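FYI, it's all coordinate maths here, none of it is from the lab. Nothing here was measured: the structure is a model prediction, and the numbers come from that model. For neighbour counting, all protein chains shown are included, and Cβ atoms are generated from backbone atoms with ideal geometry for every residue, glycine included.
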Amino acid sequence: MTDRAPRRAALQAALEARILVLDGAWGTMIQALALDEAGFRGARFEAHGHDLQGNNDILNLTQPEAIQGIGRAYLEAGADIVSTNTFNANRISQADYGCESAVVEINREGARLARAVADAWTLRTPDRARFVAGALGPTNKTATLSPDVNDPGFRNVSFEDLAVAYAEATRALVAGGADIILLETIFDTLNAKAALFAVESVFDEVGFTLPIMISGTITDRSGRTLTGQTPEAFWYSLRHVRPLSIGLNCSLGAKEMRSYVAELARVAEVPVSAYPNAGLPNAFGGYDQTPAEMAAHLREWAASGLVNIVGGCCGSTPEHIRAIARAVAGLAPRRAPERPRRLRLSGLEAVEVAP
């Protein structure tokens with residue numbers, strides 16, 4: 001823990017001093033590499049029995065230089081926090097590629113690659129440290145909803161299954177040198193609770209904790225997660241872990257996400273993060289919002305006192321992050337509200353019991 005304590009102190013100091021910038025989309029940048037099946041396999045998985053094209057996480061093992069290049073590009077663009085290329089690096093998601101046995105190595109190497117580029121940038125600008133967020137995606141299964149419309153009670157994953165998978169990934173991210181554990185694109189709060197249970201279990205094992213960032217996703221203009229929660233209810237469901245931050249990412253562009261970020265900013269007693277898509281997807285599944293357009297939206301959020309951490313999700317590139325970093329530079333970070341101590345509960349909606 002000795003090497004992490006100074007970085008944790010530096011992270012907290014930076015959060016209090018300014019708005020921090022998270023990196024942008026990894027999938028967008030990996031797609032731009034235009035790798036074929038052989039490129040994903042590399043020599044390591046040349047004889048693997050499943051197709052691997054599209055398994056972005058395996059590139060930590062087969063194309064490490066390319067992965068470090070993406071992280072380096074985001075840091076050069078102005079990111080303070082670089083995330084690991086491990087969004088689907090859990091045994092539940094990796095089962096689609098027959099790569100369950102590689103999960104530990106994928107996560108450890110993802111963190112190690114990010115650690116190396118972050119440390120290199122910190123050496124270049126010692127007055128401004130860079131940090132590594134170990135990314136835990138939502139998996140491709142939900143513990144709350146049935147995948148079979150004819151059998152509402154059926155579940156194809158359990159809380160225990162998720163907890164085991166998340167603990168395995170977290171353990172390796174910690175071993176690889178992550179500063180932060182980032183639970184992102186949460187569409188099912190029960191999945192997130194399994195992840196947080198696993199993360200805290202790993203902290204008990206290793207004898208120290210890391211800051212936890214929590215980021216949910218609003219699936220459409222209903223303003224709710226896929227499993228039906230409003231942003232306020234989502235926060236009340238997870239605030240017991242006292243995360244470093246709570247926020248939203250993906251699904252919506254900045255224009256469409258603003259009101260939901262504002263809802264979190266109103267109620268959350270911790271820093272708020274937001275990293276929307278580069279607009280809504282077009283007819284071809286692409287994203288058309290320019291860096292200047294996206295940055296203008298996030299600057300307004302910052303000027304309105306809504307955010308502490310900003311970045312980009314699907315469709316964003318280093319140029320988006322560069323524009324965002326410039327747009328929020330010099331603006332004060334949001335100050336968390338001091339709220340009276342009350343009973344606050346959550347189902348799909350939030351309930352506050354007051355006099």
For segment 195-203, 3J(HN,Hα) per residue [Karplus equation, 6.51 cos²θ - 1.76 cosθ + 1.60, θ = phi - 60°, Hz, x = Gly/Pro]: 5, 5, 4, 5, 4, 5, 5, 5, 4
Percent antiparallel among DSSP beta bridges confined to segment 4-353, rounded to 5, stands at 15
At 0.890 mPa s and 25 °C, Stokes diffusion of segment 4-353 via Kirkwood alpha-carbon radius, µm² per second: 121
Computed on Cα atoms, the radius of gyration and Dmax of segment 118-261 in angstrom are 16.5, 58
Quick one: pull the percentage of alpha-carbon pairs in segment 26-147 with a separation above 19 Å. 48
Give the order of Ser83, Ser304, Ser346 when sorted by the count of other beta carbons within 10 angstrom, beginning with the fewest. Ser304, Ser346, Ser83
Estimated 222 nm signal from helices in the chain, with DSSP H stretches of n ≥ 4 weighted -39500 (n - 2.57), rounded to 500: -13000 deg cm²/dmol
Rank the residues Leu136, Leu15 as a footprinting-exposure proxy: fewest other Cβ atoms within 10 Å of their Cβ go first. Leu15, Leu136
Dipole-positive endmost among Ala332, Leu33, Ala262 within the chain (Cβ charges, Cα centre): Ala332
If you filter segment 303-349 for trypsin sites (Lys or Arg not before Pro), then keep DSSP loop positions with at most 12 other Cβ within 10 Å, what is left? Arg335, Arg341, Arg342
Quick one: of the DSSP bridges fully inside segment 222-355, what percent are antiparallel, nearest 5? 40
Per residue Cα convex hull volume for segment 287-331, in cubic angstrom? 62
Sorted by Cβ neighbour density within 10 Å, fewest at the top, the residues Phe45, Phe284, Phe131, Phe203: Phe284, Phe203, Phe45, Phe131
Report the charge-dipole magnitude of the chain in Debye, nearest 20, computed about the Cα centre from +1 at each Lys and Arg Cβ and -1 at each Asp and Glu Cβ. 1280
Could you give each residue of segment 75-89 its phi-based ³J(HN,Hα) in whole Hz, using Karplus coefficients 6.51, -1.76, 1.60 with θ = phi - 60°, and x for Gly or Pro? 5, 4, 6, x, 5, 8, 10, 10, 8, 7, 7, 9, 4, 10, 8
